[in-house]
Amino acid sequence: MILVTGATGKVGGQAVSQLLDAGVAVRALTRDPASATLTLPEGAEVVRGDLADPATLDDALDGVESVFLVWPTLSADRAAPATIEAIAGRASRIVYVSARGVPDPVPGAPEQDPHSILGSHALVERLIERSGLEWTFLRPDGFAANTLVWASQIRETGTVRWIHGAASRALIHEGDIAAAGVSVLTGTGHAGARYVLSGPETLTQVEQVTVIGEAVGRPVRWEELSPEVALRGLLDQGWPPAAAEEMIDAYGQMVTSPEPATSTVEELTGRPATPFRRWAADHAGDFL
Ligand SMILES: NC(=O)c1ccc[n+]([C@@H]2O[C@H](COP(=O)([O-])OP(=O)(O)OC[C@H]3O[C@@H](n4cnc5c(N)ncnc54)[C@H](OP(=O)(O)O)[C@@H]3O)[C@@H](O)[C@H]2O)c1
């Protein structure tokens, strides 16, 4: 039995479907089983639990051998030590969806700010490393689905207003992250591995917007926004200041140091990672 957390989300949802397709027994964790049951595939056992409240995880962890752990960053910090301990007390193996850019542990290196996105993932990684669980970390690049944040702008104005159009990254299809996880969970030889996962090619944000325009059948323009205006916008949306500044800085760094594509998805799954063009074609309706 494999417990999948974040099962109603993008990566976890794909993991549930793909594990079921592979013939594996799956338990899907959610804080709201009533609505999750409507969306999760038949065959998954749906169980209520809140990762931020380890006392609620007893039923979810009963008889579980492995955990596919998706845990939205920044909600993790306070409960993380007790939650990882609870998992380690019941399961033997964990695959954690972390993030590209989380540094490997270096003795004596200063701890990262746990209120930042990467710091929050680093905190969970360190706890897992010390837990006694057999672990594998998946460190994905930016999700292709992040571009859905532009959907309303594209629908309403045909223009994307955001920072650093020249920032390049190798966006990854969420299904490829899940597929890598399924390979790890159904295979052997992945203990202690930290896999950096990405899409097959690096595209600038301007190129991503062009690809979306081609997918929806009408041109989409790019309008450069200043980092200051973008930061104010994120703070107005309620982003914690450390995370908002980290996000703005990260895009600036991707202009001068583009994130290179890795071949890890293909190495783990035996098929190439999904191009962004394919993802955009599949999601064209979401931008119309
Ligand atoms: N976006 C990126 O570019 C990127 C890149 C690298 C890594 N990541 C990491 O990927 C993760 C997000 O994955 P995603 O996009 O698939 O998630 P998502 O679609 O945003 O879904 C979030 C999921 O987490 C569950 N959840 C939230 N809080 C929970 C809690 N306290 N206890 C139990 N479940 C909880 C929700 O389930 P219920 O509401 O049903 O309980 C939901 O299924 C984050 O850790 C993020 O840092 C993202």
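Bear in mind that the values in this text are calculations on the coordinates, not laboratory data. What you see is a predicted model, and the numbers here were worked out from it, not measured in a lab. With ideal geometry, Cβ positions are generated from the backbone for all residues, glycine too; neighbour counts draw on all protein chains shown.
Collect the residues in the stretch 137-161 that are away from the ligand (no atom under 14 Å from the Cβ) and surrounded by fewer than 22 Cβ atoms within 10 Å (Cβ to Cβ), keeping them in residue-number order. Within the stretch 137-161, ALA151, SER152, GLN153, ARG155, GLU156, THR157, GLY158, THR159, ARG161 qualify.
Quick check, is VAL196 under 21 Å from the mean Cα position of the chain (by Cα), in contact (Cβ under 8 Å) with a residue 40 or more places away in the chain and more than 14 Å from the ligand (Cβ to nearest atom)? Walk me through how you get there before you give the answer.
Numbers: under 21 Å from the mean Cα position of the chain (by Cα): yes; in contact (Cβ under 8 Å) with a residue 40 or more places away in the chain: yes; more than 14 Å from the ligand (Cβ to nearest atom): no.
So VAL196 fails the test.
The strands (runs of 3 or more DSSP E) falling completely within the stretch 127-227 that include 2 or more residues that are charged (D, E, K, R) map to 134-140, 221-224.
Among the strands (runs of 3 or more DSSP E) lying completely within the stretch 1-101, list those that include at least 3 residues that are closer than 21 Å to ILE117 by Cβ and under 19 Å from the mean Cα position of the chain (by Cα).
93-97
Screening the candidates VAL97, VAL102 for the property of being more than 21 Å from THR256 (Cα to Cα) and either more than 13 Å from the ligand (Cβ to nearest atom) or surrounded by 20 or more Cβ atoms within 10 Å (Cβ to Cβ) (or both) yields one hit, VAL97.
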